[in-house]
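**Q** Have a look at this one.
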């Protein structure tokens, strides 16, 4: 039995048993926590739009563009639904993704399933999920967006609950506006948060995608990516030289630098000579970011 099969069975068991009178509060809390971070594949025909959805006009051109993207990259950010009985579900958030998925011919769509009205419990579960050390930047961004969509939490309230600066939360949420192909690379750890922050400000979209492809093709560091973006703004872009095959040590150092950059939410450089001597350099842009880094180092 594969890992996905086990997850699917676990979800079905949680959904079928969560309302049973014989189950304790602790069991319900455990189920809600599991459902807050796990997704189920749901038949698009069993999902219906929310009648209270304030948005009723969906741009057909934008839907077609999203549909084409979904055909290529799949649904990056799951929708959220609530069970309404009779093997049916109602959309809480993500109606545009659901409509585009149907246009793309998808039979099923990934979704977070709400099985309880206890919003406070769900909020705590999502916040706890955000605190996990193994989440990539896209997973954190999606979790922040869920708090906004499902728990009606403002950026200020969210900053207090997750103990982060409001600017940090805003930077994560901006990732969701990146093209799906770039989001997918973030989700697969092909890009770091530092790369994403550099790419977000690039316009027009054609230039953003061109730079992104160069970064992936040449395995550019965050600093090299920023230099490449500057060259776009100052004049014609030079053709990048193809790098040689990196050594095992270089690959490992690159992974470590990416993890440190994501952890400190700042640019990080690692310098090392052939004798094994070197230094870590953590860059910061403001006193607030400097204090945040100090707090993380003390922890």
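The values are calculated or read from the model by the stated rules, or taken from the named source; none is laboratory data. Keep in mind it's a predicted model, so treat the numbers as computed, not measured. No Cβ is skipped: glycine too gets one built from the backbone with ideal geometry, and neighbour counts run over all protein chains shown.
**Q** Would you pick out the residues in the stretch 202-219 that are under 23 Å from residue 266 (Cα atoms) and free of Cβ contacts under 8 Å to residues at least 24 places away in the same chain?
**A** 203, 211, 213
**Q** Pick out, from the stretch 129-200, the helices (runs of 4 or more DSSP H) lying fully within it that include 2 or more residues that are at pLDDT 85 or above and under 13 Å from residue 212 (Cβ atoms).
**A** Where helices (runs of 4 or more DSSP H) fall fully within the stretch 129-200 and carry at least 2 residues being at pLDDT 85 or above and under 13 Å from residue 212 (Cβ atoms), they are 180-187, 193-200.
**Q** Could you tell me which numbered condition residue 105 fails, if it satisfies all but one of (1) at pLDDT 85 or above; (2) part of a helix (DSSP H, G or I)?
**A** (2)
**Q** Is the stretch 80-89 home to any residue that is crowded, with 17+ Cβ neighbours inside 10 Å, touching a strand residue (DSSP E or B) at 6+ places or on another chain (Cβ under 6 Å), in contact (Cβ under 8 Å) with a residue 24 or more places away in the chain and in a loop (DSSP other than H, G, I, E, B)?
**A** Within the stretch 80-89, none of the residues are crowded, with 17+ Cβ neighbours inside 10 Å, touching a strand residue (DSSP E or B) at 6+ places or on another chain (Cβ under 6 Å), in contact (Cβ under 8 Å) with a residue 24 or more places away in the chain and in a loop (DSSP other than H, G, I, E, B).
**Q** Count, please, the residues in the stretch 183-201 that happen to be closer than 25 Å to residue 284 by Cβ and surrounded by 19 or more Cβ atoms within 10 Å (Cβ to Cβ). So that I can check it myself, show each step before the final result.
**A** In the first step, residues of the stretch 183-201 are kept if they are closer than 25 Å to residue 284 by Cβ; the result is 186, 189, 191-201.
Applying the additional criterion that residues be surrounded by 19 or more Cβ atoms within 10 Å (Cβ to Cβ) yields 186, 191-199.
Of the residues in the stretch 183-201, 10 are closer than 25 Å to residue 284 by Cβ and surrounded by 19 or more Cβ atoms within 10 Å (Cβ to Cβ).
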